[in-house]
Amino acid sequence: MSHQNFEGLDVESIRDAFPILEREFDGQQVVYLDNAATTQTPDPVVDAMSEYYRRHNANVHRGIHHLSQEASERYESAHDRVADFIDADGREEIIFTKNTTEGENLIAYAWGLNELEAGDRVVLTEMEHHASLVTWQQIAKQTGAEVEYIRVDDTGRLDMDHARELIDDDAAIVSAVHVSNTLGTVNPVSELTDLAHEHDALSFIDGAQAVPNRPVDVSEIDADFYAFSGHKMAGPTGIGVLYGKQELLEEMEPYLYGGGMIRKVTFEDSTWGDLPWKFEPGTPPIAEAVGLEAAIDWLEEIGMDRIQAHEEELAAYAYDRLEAEGDVEIYGPEGGPDRGGLVSFNLEGVHAHDLTSIMNDHTVAVRAGDHCTQPLHDKLGVPASTRASFYVYNTREEIDELVAALDDARQLFA
């Protein structure tokens, strides 16, 4: 399969860093369009982690020997690199977690469980991932707070008039996804944050589908908290990032405890260390942090603006190709700046799981299901959808392969 170059990207050279994309099943080269679940990992990231394990492996902040000092320097450097990448003020505002979900839970339990009370309102959106929706539901049950949801309109965008109704003086926190993992909608997170702050509420932004695909400036958004995952941005699994404004993190109590996050322990009490370490107990994901830093270096060498343009072009092309089929229902905004790099859809008369199985027969890797957004699918009136999601190494030709596989599904289920 040959691959086009467009949007100023040398896609062929980019693909050379991903040997997995050359794999074949039953003589057919894999077409990987499941990037919203996890992206593939380029050789420079694998090499950086391998080099760490071969030459620098040790625990951090626990020894004065050379290897421990090297490992600690690399781990701290990764915090600095992430802070620079998203324009945070410094490493104190960067907490390493396992994933976005852990970042959501950390704020919900460390802040929400201590600050929310009966009568407070937690404002979410109808397109939230279960990581946000379920977590805040549980916190509301324990605190007496109520959870309200900003409506999604027929175009797949947020009803901002409804948002202004819900975000009032009773609102304590607004938690919203930056880019929907089902609809692809790019939400006005700066506007939501401004509304929250007008009413002395905090904002939490789930950036799992945004940070990998577009420039993100947390200082410009002004969110109080922002979370994302390494494995969706060409990095390793097992590491995520929670950004928080330093003054808020200083006031918060930890919700996980152990070594590495304390200042003083006695038989009677304990005090906590400095940021960000007070929220990182135990042995952290050291090699994964090295890999995340390498992934950021790799992405920035390409350019986040170029990656965004590439993905928007692919999403628009996929939308147009699928819409032209006539019997495909597509969810979310039309292709353009309001849509990130994914398209969820259903083929008339074919269940999403059956369609995805047929796609797999063509070695086209997509996802079927509710994508951890069951309430949103209930609103859409469907139990599941098929999702194709794109990254910097994908091409129009791969989308053509996806569309071609629809014919087999039609013939089989006619």
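The values are calculated or read from the model by the stated rules, or taken from the named source; none is laboratory data. Keep in mind that this is a model prediction, so the values were computed, not measured. Neighbour counts run over all protein chains shown; Cβ positions are idealised from the backbone, glycine included.
Selection of region 125-159 for residues being touching a residue at least 24 places away in the same chain (Cβ under 8 Å), of a type outside the set (S, T, Y) and under 21 Å from R339 (Cβ atoms) yields E126, M127, E128, H129, I150, R151, V152, G156, R157, L158. Each residue in region 301-318 was checked for being surrounded by fewer than 22 Cβ atoms within 10 Å (Cβ to Cβ) and in contact (Cβ under 8 Å) with a residue 24 or more places away in the chain, and 8 of them qualify. Please verify whether region 2-9 includes one or more residues that are modelled with pLDDT of 95 or more and not small (G, A, S). Checked region 2-9: no residue is modelled with pLDDT of 95 or more and not small (G, A, S).
Is at least one residue of region 196-217 surrounded by fewer than 24 Cβ atoms within 10 Å (Cβ to Cβ) and hydroxyl-bearing (S, T, Y)? No: zero hits. The residues listed here are E313, E253; of these, the one that is assigned to a loop (DSSP other than H, G, I, E, B), over 27 Å from D84 (Cβ atoms) and of a type outside the set (S, T, N, Q) is E253. Within region 260-271, being assigned to a loop (DSSP other than H, G, I, E, B) and either closer than 19 Å to L116 by Cα or without any contact (Cβ under 8 Å) to a residue 60 or more places away in the chain (or both) holds for M261, T266, F267, E268, D269. Run down L322, L347 and say which single residue is closer than 25 Å to H178 by Cβ and either among the hydrophobic types (A, V, I, L, M, F, W, C) or touching a residue at least 12 places away in the same chain (Cβ under 8 Å) (or both). Among L322, L347, only L322 is closer than 25 Å to H178 by Cβ and either among the hydrophobic types (A, V, I, L, M, F, W, C) or touching a residue at least 12 places away in the same chain (Cβ under 8 Å) (or both). Within the set of pairs 6+ apart or on separate chains, which have a first residue in region 160-184 that is on the phi > 0 side of the Ramachandran plot and assigned by TED's automatic domain parsing to the domain that holds F204, a second that is part of a helix (DSSP H, G or I) and buried (at least 20 other Cβ atoms within 10 Å of the Cβ), and C-beta atoms under 7 Å apart? Every condition considered, the pairs that remain are G184/A315. A count restricted to region 114-123 and to residues that are in contact with a helix residue (DSSP H, G or I) (Cβ under 6 Å, 6 or more places away or on another chain) and either part of a helix (DSSP H, G or I) or buried (at least 24 other Cβ atoms within 10 Å of the Cβ) (or both) stands at 2. Hey, does region 34-41 have a residue that's touching a Gly at 6+ places or on another chain (Cβ under 6 Å) and in contact (Cβ under 8 Å) with a residue 12 or more places away in the chain? For region 34-41, residues touching a Gly at 6+ places or on another chain (Cβ under 6 Å) and in contact (Cβ under 8 Å) with a residue 12 or more places away in the chain: absent.
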